[in-house]
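Data first, discussion second: the structure below is written as structure tokens.
The values are calculated or read from the model by the stated rules, or taken from the named source; none is laboratory data. Keep in mind the model is a prediction, meaning the values are calculated, not measured. Reconstructed Cβ throughout: ideal geometry from the backbone, glycine too, with neighbour counts over all protein chains shown. Just so you know, the surface numbers come from the protein's heavy atoms only, side chains and all, with ligands and any DNA or RNA stripped out. Shrake-Rupley method; radii C 1.70, N 1.55, O 1.52, S 1.80 Å.
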Amino acid sequence: MLDITTQLTTNPKQKPAPDELGFGHYFTDHMFILDYTEGIGWHDGRIVPYQPISLDPSAMIFHYGQSVFEGLKAYVTVDNEVLLFRPDQNFKRLNNSNDRLCIPKIDEEYALEALKQLVSIDREWVPNAPGTSLYIRPFIIATEANLGVHPSNRYQFIIIMSPSGSYYKEGINPVKIMVEQQFVRAVRGGTGAAKTGGNYASALKGQEIASKEGYAQTLWLDGKENCYVEEVGSMNIFFKIDGKVITPALNGSILPGITRDSMIQVLKSKNIPVEERRISIEEVVEAHNNGTLEEVFGTGTAAVISPVGELKYLNDKLIINKGEIGEVSQMLYDTLTGIQNGSIEDTFGWTIRL
Ligand SMILES: *Cc1c(COP(=O)(O)O)cnc(C)c1O
């Protein structure tokens, strides 16, 4: 096993007040860095004070976008312990993304060990007000100084961490979303199933148009026939129709969310029927028109659940569950956040205590 050296900061930062946290504004005192050099492999794992990194302007990340990332959270439990939610799944998915972007794989166990050490060192940065958490952002960038188009021969794997505020300070209010007609997020054979920056860059335009029209997110349809539902914003999506919960099957262009997988397992454990299959936007509209569209919600690490109260499709505005959070959405939210804050027993074995 590779080891990890630690250099502690001599200049700890002031921690922000819990109600000022927001998302992604503040960073903890330390970060983890691991280098990759062709012929040597991954080497020099180290925890160092949080600081800027210096790269050659020709570093490949700036030009061709060869990079991958992850997002997960650490939570303070009701017993004042710190836990991580399914971190092994994040490093497994990071390696799947690496494979798609021609980035050398990392040792998942080593990465988890590095993460645990980093969180332990910055333990005081894990906020404990209700709903708050420490957002963790592992990422890999191509650092070879070269403008040729080929996989980089050098990389850096970095983990930074950001205390984040409660997503639902004012309670869970369902959002309005717009079905995107002009742009697509991902196509068959593309990089939709990998967590890579380019997917986000290409989604900005649709997002910008939606927010100008007063919608919080875009609902993405498939890139080939433009009729099957794929994702909502950067979340996976679920529909409850006539008592059954339906989510698009992983088809290679949908990001396999860890929250998505957790929701499916919770639903099965409660004997609520759940189907992973193709679902067209027409099927959703039809269900709405005949009164069987009961709930719609997005899932992801940041919000856990984001209920949808209105769906705009062409000239129709579908109002879902009177614009209120549904029963199943609320149950899933309570179950997952309860497991994450330790107030509900984790019968799934998802959490890792530091
Ligand atoms: C990260 C991400 C998700 C959600 O994944 P989680 O593991 O549940 O956080 C969904 N869709 C896209 C496009 C994503 O990048």
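Here are a few things to note about the model shown:
- Among the residues here, residue 169 qualifies as over 30 Å from residue 3 (Cα atoms) and in a loop (DSSP other than H, G, I, E, B).
- Summed over segment 103-161, the residues that are charged (D, E, K, R) and in a loop (DSSP other than H, G, I, E, B) give a count of 4.
- Residue within segment 194-202 that is closer than 29 Å to residue 325 by Cβ and either basic (Lys, Arg) or touching a residue at least 60 places away in the same chain (Cβ under 8 Å) (or both) present: yes
- The residue that is surrounded by the most Cβ atoms within 10 Å (Cβ to Cβ), counting only those in segment 48-76 that are assigned to a strand (DSSP E or B) and over 24 Å from the mean Cα position of the chain (by Cα), is 59.
- In segment 302-354, the residues that are under 22 Å from the mean Cα position of the chain (by Cα), assigned to a loop (DSSP other than H, G, I, E, B) and without any contact (Cβ under 8 Å) to a residue 24 or more places away in the chain: 346, 349
- From 351, 292, 347, residue being within 16 Å of the ligand (Cβ to nearest atom), β-branched (Val, Ile, Thr) and open to solvent by 20 Å² or more (accessible area, probe 1.4 Å): 351
- Annotation note: Cβ proximity below 6 Å between a residue of segment 101-118 that is within 13 Å of residue 43 (Cα to Cα) and acidic (Asp, Glu) and a residue that is surrounded by fewer than 17 Cβ atoms within 10 Å (Cβ to Cβ) and modelled with pLDDT of 95 or more (sequence gap 6+ or interchain) occurs for no pair.
- Restricting segment 93-115 to residues that are over 19 Å from the mean Cα position of the chain (by Cα) and more than 27 Å from residue 59 (Cβ to Cβ), the residue that is least open to solvent (accessible area, probe 1.4 Å): 113
- Selected residue (only one of 68, 78 is touching a residue at least 12 places away in the same chain (Cβ under 8 Å) and farther than 25 Å from residue 108 by Cα): 78
- Yes/no for residue 90 being in contact (Cβ under 8 Å) with a residue 12 or more places away in the chain, open to solvent by 70 Å² or more (accessible area, probe 1.4 Å), within 14 Å of the ligand (Cβ to nearest atom) and not acidic (Asp, Glu): no
- Qualifying residue in segment 247-267 (condition: more than 16 Å from the ligand (Cβ to nearest atom) and touching a residue at least 12 places away in the same chain (Cβ under 8 Å)): no
- Within segment 186-215, considering residues that are in a loop (DSSP other than H, G, I, E, B) and under 19 Å from residue 314 (Cβ atoms), the one least open to solvent (accessible area, probe 1.4 Å): 215
- Residues of segment 116-147 satisfying the condition of being open to solvent by 30 Å² or more (accessible area, probe 1.4 Å) and at pLDDT 95 or above: 116, 117, 120, 121, 123, 124, 137, 139, 145, 146, 147
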